[in-house]
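Participant: First the structure, which I've put down as structure tokens, then a few questions once you've had a look.
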Amino acid sequence: MAIHVLEYLEQACEVTPDKPAFIDMEESLSYRQVMNQAKAVAAAIGHTFSAIRRPVMVFSDRNVSSLVSFLGIAYSGNFYVPVDVHMPKARIELFFETLHPECVICLKKDVALAKETAGECPIIIYEESMGEVADEGRLRAIREQMIDTDPLYLIFTSGSTGTPKGVIKSQRSVLAFMEQFLKVTGIGSDDVLGGQAPFDFDVSAKDIYVTLAAGATLMVLPKSYFSFPKKLMNCLEEKKVTTLIWAVSALSIVAAHKALDYKAPTRIKRVLFSGEVLPIAHLNYWKEHLPHTTFVNLYAPTEVTGNCTYYVVDRDFKEDETLPLGKPFPNVEVMVLDQQGRRIEPGQTGEIYVRGAFLSMGYYENEERTKGAYVQNPLQHAYPELVYKTGDLALLDEEGEYHFLTREDFQIKYNGHRIELGEIETAVYSIDGVDSCACVYLKEHKKIFLFVCGKELDQKKVFVELKDRIPKYMFPGKIIVLEEMPFSKNLKIDRQKLLNMALEIAEKRKRR
């Protein structure tokens, strides 16, 4: 087994040096070019500071230069931190306060942003670094000092307090996951991945390192194409994309716009999705248009590298059903435990815990939060063993399959009953014509707000259809039909924005 992800790149470069590795809408780089340019970035970093295992920030966008920068940082013996250039400046400044990175890498066009937010932090301009010549002896010396528990990258994820958490991923966790992911999915050197995930979200690591490990090709899809799904379908067909590892919301956008009616890409062999619960109506739409494609439901929080469970869709589902989480990847265990730390029985709900080599290292410079999430295995007290306490709830059905229900903090006490907002959303998605929906709960007003989108939908239709699908005590206090559902930059439903909308509506009613 490899001990550094750069071995993936170097092995692919030996076998197919001139094969395209990374492609965006403006540039295509072969494996040889990626390796040489990454080493040039490493040389530029070496001229800026000599330490290793330190954070280096990358002002990233949907381009191959960001990917080269990541690998260049790995060559330098440090770990990369992607930060989207379109992010609000105040949030970028918060990242700098948390990290105190050794330097920043950015394109010329982003130098002004870097100077505004980086303070005294040194700035490396990517285009200028391409003129550097790598010292191969120094690179070898750095590699000899590296071990597989060293950090590879850090991803910021939103915290419940509003303060972002920096989740650190090690070489070992990425390597361990990739070994099993390739076996399970069958992705190989002939595949072309259509990359949807922003680089500052953990899903993108699958795109990057699956590509390198398989000797495949990664096509970085423009974010704008998800607002114009016909362009997206044309791109997938023209670039001969075979594999999609997408967020659920990206699949839902295509389904809501009926983009596959316009053109169903002919080379898609597998569609792997994660992030949220995929509505069965949207899954069925994709299956109808891509009948020979394999669909796989993936699950894992950011704190678990890649994914910890997978379910290959092997039967038809009704629209009021949910997909199972499936089984754990090899070399990882998923436990669903009750509040007393015991395994649940069929019909019961419990919290998901994960143990194994896929776990991340914890939160950067945040010992208190790390200790709260990475806890001693409740089923094992004889020796120290940390597991990740996800805060996600799952149900064990009578067939022995686990189903994701909701976040623990999405479970509420309402009308005297403990309910999951996700259960209401599943029922809403079974209504004909619903493209997307989300529930939020205003505790101070004791009211559930249901937001829903879809053509030819109105409050009356949703009300009439829903009252036959859920018990009265679960019924939302307010149903709001939107023309367009707000999505975050990683194409998840923006629940914070919906919560703010609900609060504004509730406060207006209160003032009347």
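The values are calculated or read from the model by the stated rules, or taken from the named source; none is laboratory data. Every value quoted in this text rests on a predicted model; they were computed, and no experiment measured them. As a convention, Cβ positions derive from the backbone with ideal geometry for all residues, glycine included, and neighbour counts pool all protein chains shown. Side chains included, ligands, DNA and RNA excluded: accessible areas come from the protein's heavy atoms. Shrake-Rupley method; radii C 1.70, N 1.55, O 1.52, S 1.80 Å.
Participant: Mind telling me which of the residues Tyr364, Tyr402, Tyr353 ends up being over 23 Å from Glu276 (Cβ atoms) and not small (Gly, Ala, Ser)?
Facilitator: Tyr364
Participant: It is to be established whether one or more residues within segment 159-175 are over 14 Å from the mean Cα position of the chain (by Cα), assigned to a helix (DSSP H, G or I), over 20 Å from Leu67 (Cβ atoms) and of a type in the set (D, E, K, R).
Facilitator: There is at least one residue in segment 159-175 that is over 14 Å from the mean Cα position of the chain (by Cα), assigned to a helix (DSSP H, G or I), over 20 Å from Leu67 (Cβ atoms) and of a type in the set (D, E, K, R).
Participant: With (1) within 30 Å of Met25 (Cα to Cα); (2) among the aliphatic types (A, V, I, L, M); (3) open to solvent by 20 Å² or more (accessible area, probe 1.4 Å) as the list, and Ile155 as the residue in question, which single condition is left unmet?
Facilitator: The number of the failed condition is (3).
Participant: For segment 70-109, which residues satisfy the criterion of being assigned to a loop (DSSP other than H, G, I, E, B), farther than 12 Å from Ser60 by Cα and without any contact (Cβ under 8 Å) to a residue 60 or more places away in the chain?
Facilitator: Across segment 70-109, the qualifying residues are Asn78, Pro88, His100, Pro101, Glu102.
Participant: Mind checking whether some residue in segment 107-120 is within 25 Å of Leu221 (Cα to Cα) and among the β-branched types (Val, Ile, Thr)?
Facilitator: Within segment 107-120, one or more residues are within 25 Å of Leu221 (Cα to Cα) and among the β-branched types (Val, Ile, Thr).
Participant: Would you pick out the residues in segment 11-58 that are assigned to a strand (DSSP E or B) and open to solvent by less than 10 Å² (accessible area, probe 1.4 Å)?
Facilitator: Passing the criteria: Ala21, Phe22, Leu29, Pro55, Val56, Met57, Val58.
Participant: Among the residues of segment 350-362, which ones are part of a strand (DSSP E or B) and either small (Gly, Ala, Ser) or without any contact (Cβ under 8 Å) to a residue 60 or more places away in the chain (or both)?
Facilitator: Within segment 350-362, Gly350, Glu351, Ile352, Tyr353, Val354, Arg355, Gly356, Gly362 qualify.
Participant: Can I ask one more? Step by step: first the residues of segment 488-508, then only those that are open to solvent by less than 40 Å² (accessible area, probe 1.4 Å) and either free of Cβ contacts under 8 Å to residues at least 12 places away in the same chain or not in a helix (DSSP H, G or I) (or both), then the one that is nearest to Val254 (Cα to Cα). Which residue is that?
Facilitator: The extreme case among them is Leu491.
Participant: Could you give me the residue pairs with C-beta distances under 6 Å whose first residue belongs to segment 323-347 and is modelled with pLDDT under 90, whose second residue is not in a loop (DSSP other than H, G, I, E, B) wherever it lies, and which are 6+ apart or on separate chains?
Facilitator: Pro346/Leu396
Participant: Among the candidates Ala256, Ala250, Ala197, Ala264, which residue alone is in contact with a His (Cβ under 6 Å, 6 or more places away or on another chain) and either of a type outside the set (Asp, Glu) or modelled with pLDDT of 95 or more (or both)?
Facilitator: Checking each option against the conditions leaves just Ala264.
Participant: Considering each of Val462, Val481 in turn, give the residue that is surrounded by 21 or more Cβ atoms within 10 Å (Cβ to Cβ), over 24 Å from Pro346 (Cα atoms) and modelled with pLDDT of 90 or more.
Facilitator: None of the other options fit; the residue is Val462.
Per-residue answers, yes or no, for (1) open to solvent by less than 20 Å² (accessible area, probe 1.4 Å); (2) among the polar types (S, T, N, Q):
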{"position": "Phe95", "(1), (2)": "yes, no"}
{"position": "Pro101", "(1), (2)": "yes, no"}
{"position": "Lys108", "(1), (2)": "no, no"}
{"position": "Thr117", "(1), (2)": "yes, yes"}
{"position": "Val133", "(1), (2)": "no, no"}
{"position": "Arg140", "(1), (2)": "no, no"}
{"position": "Met146", "(1), (2)": "yes, no"}
{"position": "Phe177", "(1), (2)": "yes, no"}
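Participant: Quick check on this structure: which one of Val434, Val462 is in contact with a Gly (Cβ under 6 Å, 6 or more places away or on another chain) and hydrophobic (A, V, I, L, M, F, W, C)?
Facilitator: Going through Val434, Val462 in turn, just one is in contact with a Gly (Cβ under 6 Å, 6 or more places away or on another chain) and hydrophobic (A, V, I, L, M, F, W, C): Val434.
Participant: Does segment 5-12 contain any residue that is of a type outside the set (Phe, Trp, Tyr) and at pLDDT below 95?
Facilitator: no
Participant: Now for a different question. Residues Tyr353, Tyr383, Tyr374, Tyr388: which one is surrounded by fewer than 15 Cβ atoms within 10 Å (Cβ to Cβ) and at pLDDT 95 or above?
Facilitator: Matching residue, one of Tyr353, Tyr383, Tyr374, Tyr388: Tyr383.
Participant: Right, something else. Which of the residues belonging to segment 294-312 are farther than 26 Å from Ser360 by Cβ and open to solvent by 20 Å² or more (accessible area, probe 1.4 Å)?
Facilitator: Thr294 - this is the single residue of segment 294-312 that is farther than 26 Å from Ser360 by Cβ and open to solvent by 20 Å² or more (accessible area, probe 1.4 Å).
Participant: Another question, then. Among what's in segment 235-258 and is of a type in the set (Lys, Arg) and without any contact (Cβ under 8 Å) to a residue 60 or more places away in the chain, pick the residue that is farthest from Gly188 (Cα to Cα).
Facilitator: Among those residues, the one meeting the criterion is Lys258.
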